[in-house]
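Any read-out appearing in this document is the output of simple, stated calculations on the displayed coordinates, not a laboratory observation. Quantities reported herein were computed from a predicted structural model and do not represent experimental measurements. Note: ideal-geometry Cβ built from the backbone for every residue, glycine included; neighbour counts use all protein chains shown.
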Amino acid sequence: MKLNEIIENDKKYYMNTFGNRIPVCFTHGKGLRLWDTEDREYSDMLGGIAVNLLGHAHPALVQAIREQAEKLIHCSSLYYIESQSLLAKALVENSCADRVFFGNSGAEANEGAIKLARIYFKKKNMPQKYEVITLQNSFHGRTMATLTATGQEKFHKYFTPLVPGFKYVPLNDFAALADAVSENTCAIMLEPIQGESGVNPVSSEYVQNVVRLCREKELLLIFDEIQTGMGRTGKLFAYEHYGIEPDIFTLAKGLAGGVPIGALCAKEQVAAAFEPGDHGSTFGGNPLACSAGLAVMNAIEKDGLIENAELMGKYMKEKLDELKPKHSLINGTRGMGLMVGIQLSADKAIAIKNALFEKGMLVGSVGASVIRVLPPLIIKEAEIDSFIAALDEVLTGMEKEI
Ligand SMILES: *Cc1c(COP(=O)(O)O)cnc(C)c1O
């Protein structure tokens, strides 16, 4: 199909939740490269917003999906599922969790986390503990409970009444958090690095204080690792950077390299609150998604992708730091591993993103002044060099105009 026909169809039949999208339709990819309907080539520095962990058409992932599809795509969790049991085992053996539950998306994983925190205290005969404290500018999803958990007014305003039992506190402000805790609080839920609001990390000191507070007040600590998990930050899970273990953490985006999946992971004592009938999912943990997840877990280990994320993240940061003195538009960089935010000194993020797109380079923007880079973990130095060169050219052109 021609691009203009696709756009026409979209405008006529699809709900207008994305407005004017970037005018391109990709047909296929290989590694970091993507091609569109006009056969133009792009370099994917956004990886489907941290989803395409292994890039595009990774042979091991393709093979796993093909083999599983030929055997069995779906069967109900009424029955035992081999790949589901194996992916759960792999996640438990490589994390602080003892048990896993699979859903189909990040929002669903977080929904499960909120349910688990509430049921845990109900079954401990402490029904007054139901309130979840989250951070301002967080992002936890778009279902009713997870949009309520999301500490951003713009996600709330048209959907009131919200789900009761949520409170928001500013990032890295421990005094405000300690103040917000009451006898009703059951959990504190946070992203180790806020992704959707501009790549803002929680400080190590804050996390240590939060862990101590959770212990003192008998609260559960929930880490939303939907974006930071699966090697993205240079550790398999970002909580490892802080030397702590959350009671519950959630995964989704990169977990199956692009096949929809979400995972709710928890310590035994907490997970035990879920008994038969308390939670479920039709598609969650089906053979296809879990086989894809296993292929991703294997590739992360076999191809050394955690180490690569750390090394390439450092390399990209060095290269961006080298660009900084040359370009007044770059204010600084934030993030960990291959989760990178470039803070601009002016509201030029969308213009820069568009100019990079014209050069065949895909990045994201957050608000008006942050460029977001989330490449597949298979990225190599040469691909970072091309990105840096393109950014250098775009910034040079723009600074001439100012
Ligand atoms: C993307 C994201 C979600 C929501 O995931 P969906 O799969 O879109 O429901 C939740 N939390 C974080 C931190 C995310 O980055």
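Looking across 273, 295, one residue alone is touching a residue at least 12 places away in the same chain (Cβ under 8 Å), surrounded by 17 or more Cβ atoms within 10 Å (Cβ to Cβ) and part of a helix (DSSP H, G or I). It is 295.
Among the residues of the stretch 260-317 satisfying the criterion of being of a type in the set (A, V, I, L, M, F, W, C), within 16 Å of the ligand (Cβ to nearest atom) and more than 16 Å from residue 94 (Cα to Cα), which is nearest to the chain's Cα centre (by Cα)? Looking at residues that are of a type in the set (A, V, I, L, M, F, W, C), within 16 Å of the ligand (Cβ to nearest atom) and more than 16 Å from residue 94 (Cα to Cα), I get 261. The residues in the stretch 26-70 that are touching a residue at least 12 places away in the same chain (Cβ under 8 Å) and either under 17 Å from residue 291 (Cβ atoms) or surrounded by 16 or more Cβ atoms within 10 Å (Cβ to Cβ) (or both) can be counted, and the count is 30.
Among the criteria (1) more than 15 Å from the ligand (Cβ to nearest atom); (2) surrounded by 22 or more Cβ atoms within 10 Å (Cβ to Cβ); (3) assigned to a loop (DSSP other than H, G, I, E, B), the one residue 160 does not fulfil is (2). For beta carbons closer than 6 Å, sequence separation of 6+ or different chains, a first residue in the stretch 137-158 that is at positive phi and a second that is in a helix (DSSP H, G or I) and within 11 Å of the ligand (Cβ to nearest atom), the qualifying pairs are 141/106; 141/107; 141/110. Annotation: of all residues in the stretch 202-234 being buried (at least 22 other Cβ atoms within 10 Å of the Cβ) and touching a Ser or Thr at 6+ places or on another chain (Cβ under 9 Å), the one that is nearest to residue 122 (Cα to Cα) is 219. Taken together, the criteria place residue 79 among residues that are over 17 Å from residue 164 (Cβ atoms) and out of contact with any Cys (no Cβ under 9 Å at 6 or more places or on another chain). Quick one: would you say residue 226 is touching a residue at least 12 places away in the same chain (Cβ under 8 Å) and in a loop (DSSP other than H, G, I, E, B)? Against the criterion (touching a residue at least 12 places away in the same chain (Cβ under 8 Å) and in a loop (DSSP other than H, G, I, E, B)), residue 226 qualifies. For residue 249, state whether it is of a type in the set (Phe, Trp, Tyr), buried (at least 24 other Cβ atoms within 10 Å of the Cβ) and not in a helix (DSSP H, G or I). Taking the combined requirement at face value, the residue satisfies it. Considering the conditions (1) in a helix (DSSP H, G or I); (2) farther than 16 Å from residue 375 by Cβ; (3) of a type in the set (Phe, Trp, Tyr), residue 283 is excluded by exactly one of them, (1).
Residues in the stretch 237-246 that are part of a helix (DSSP H, G or I) and more than 11 Å from the ligand (Cβ to nearest atom): 239, 240, 241, 242. Here residue 344 clears all of (1) surrounded by 20 or more Cβ atoms within 10 Å (Cβ to Cβ); (2) closer than 22 Å to residue 230 by Cα; (3) of a type outside the set (S, T, N, Q) except the condition numbered (2).
The set of residues from the stretch 71-119 being within 16 Å of the ligand (Cβ to nearest atom), free of Cβ contacts under 8 Å to residues at least 40 places away in the same chain and either among the aliphatic types (A, V, I, L, M) or on the phi > 0 side of the Ramachandran plot (or both) is empty. Filtering 174, 155 for residues that are over 27 Å from residue 50 (Cα atoms) and under 25 Å from the mean Cα position of the chain (by Cα) leaves a single hit, 174. Against the list (1) in a loop (DSSP other than H, G, I, E, B); (2) of a type outside the set (Phe, Trp, Tyr); (3) closer than 19 Å to residue 335 by Cβ; (4) touching a strand residue (DSSP E or B) at 6+ places or on another chain (Cβ under 9 Å), the condition residue 255 fails is (3).
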